[in-house]
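This structure is in structure tokens; I'll ask about it shortly.
The values are calculated or read from the model by the stated rules, or taken from the named source; none is laboratory data. The shown structure was predicted, so the numbers you read here are calculated from the model rather than taken from an experiment. FYI the Cβ positions are ideal-geometry reconstructions off the backbone, even for glycines, and counts take in every protein chain you see. Just so you know, the surface numbers come from the protein's heavy atoms only, side chains and all, with ligands and any DNA or RNA stripped out. Shrake-Rupley method; radii C 1.70, N 1.55, O 1.52, S 1.80 Å.
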Amino acid sequence: RDYDNRIDRFVEEFNVSAKLGYDFDDASSLELGYAYYDDRRGEGYKYNIPEGSHRDFDTNRVNLLYKRAVNDWQWQLSGFYQREEYYWHRDFADTASIYKVLSDRDDYGTALSVSTDISDHSTLILGADMRISEVDAIDDYDASSDFAMNKGRLEQYAFYVQDELRFLDDRLIVVGGIRFDTAKFKDGLYESNVSPFDLVSGSL
């Protein structure tokens, strides 16, 4: 409490979302969703920056969901895209050490699931997921040309089969399944002109 450079921490949040759906018929429907989230957080200390050290998260997300029933099969296809713009202004007593973190983070993917009742007490579900995450970020020093940059891409894929068994008038439900996941990191890059981090600059 007696820290000379202490200031009050703060959190400012704002979010809004909307959803629009349309039924083509009794067997098919489409749903579109959008969400925006804005978040700013003060970290409780100040040397040179008016707001002190603080972070910002600005996020936009779009979701799309399509459902369809064909005979005894239920199909569900979904997709999403999310962009998070991350900002962090770090404040230090040494003005040469102050820097900004500017990071764009993209996540997008799709999922497909198909289900059918194979008996009065059993539902079979087949599915697949794909998700890709990317980052493009830089640490930019306020008082010099120093920087540190990082980029990368993560790809994730999954396939699964699942059976849901129901007993005792659905009071007992047993779920069993098997799932395979694989992930791959690629297009990684780190580059900096700040010693000693410049020694590890290059592809990852």
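Kindly evaluate D117 against the criterion of being part of a strand (DSSP E or B), touching a Phe, Trp or Tyr at 6+ places or on another chain (Cβ under 6 Å) and not hydrophobic (A, V, I, L, M, F, W, C).
Against the criterion (part of a strand (DSSP E or B), touching a Phe, Trp or Tyr at 6+ places or on another chain (Cβ under 6 Å) and not hydrophobic (A, V, I, L, M, F, W, C)), D117 does not qualify.
What are the pairs with Cβ atoms under 8 angstrom where one residue, in region 1-30, is within 20 Å of I49 (Cα to Cα) and polar (S, T, N, Q) and the other, located anywhere, is in a loop (DSSP other than H, G, I, E, B) and open to solvent by 100 Å² or more (accessible area, probe 1.4 Å)? Sequence gap at least six, or different chains.
none
Here is a yes/no grid of residues against (1) free of Cβ contacts under 8 Å to residues at least 12 places away in the same chain; (2) of a type outside the set (S, T, Y):
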site: G33; (1), (2): no, yes
site: E43; (1), (2): no, yes
site: P50; (1), (2): yes, yes
site: S53; (1), (2): no, no
site: V70; (1), (2): no, yes
site: S78; (1), (2): no, no
site: E84; (1), (2): no, yes
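Another question, then. Quick check on my filter: what residues within region 9-37 are surrounded by 15 or more Cβ atoms within 10 Å (Cβ to Cβ) and either charged (D, E, K, R) or touching a Cys at 6+ places or on another chain (Cβ under 8 Å) (or both)?
E31
Taking region 55-84 as the region of interest, how many residues are open to solvent by 60 Å² or more (accessible area, probe 1.4 Å), closer than 26 Å to V16 by Cβ and among the aromatic types (F, W, Y)?
Qualifying residue count for the region: 2.
Can you run down the residue pairs with Cβ atoms below 9 Å, 6 or more apart or on separate chains, where the first is in region 179-204 and in contact (Cβ under 8 Å) with a residue 12 or more places away in the chain and the partner is open to solvent by 80 Å² or more (accessible area, probe 1.4 Å) and of a type in the set (V, I, T)?
Y190/V200; S192/V200
Let's see how each residue does on (1) closer than 30 Å to Y81 by Cα; (2) part of a strand (DSSP E or B); (3) open to solvent by 50 Å² or more (accessible area, probe 1.4 Å):
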{"site": "L112", "(1), (2), (3)": "yes, yes, yes"}
{"site": "I125", "(1), (2), (3)": "yes, yes, no"}
{"site": "A128", "(1), (2), (3)": "yes, yes, no"}
{"site": "V135", "(1), (2), (3)": "yes, yes, no"}
{"site": "S145", "(1), (2), (3)": "no, no, yes"}
{"site": "A158", "(1), (2), (3)": "yes, yes, no"}
{"site": "Q162", "(1), (2), (3)": "yes, yes, yes"}
{"site": "L165", "(1), (2), (3)": "no, yes, yes"}
{"site": "D181", "(1), (2), (3)": "yes, yes, yes"}
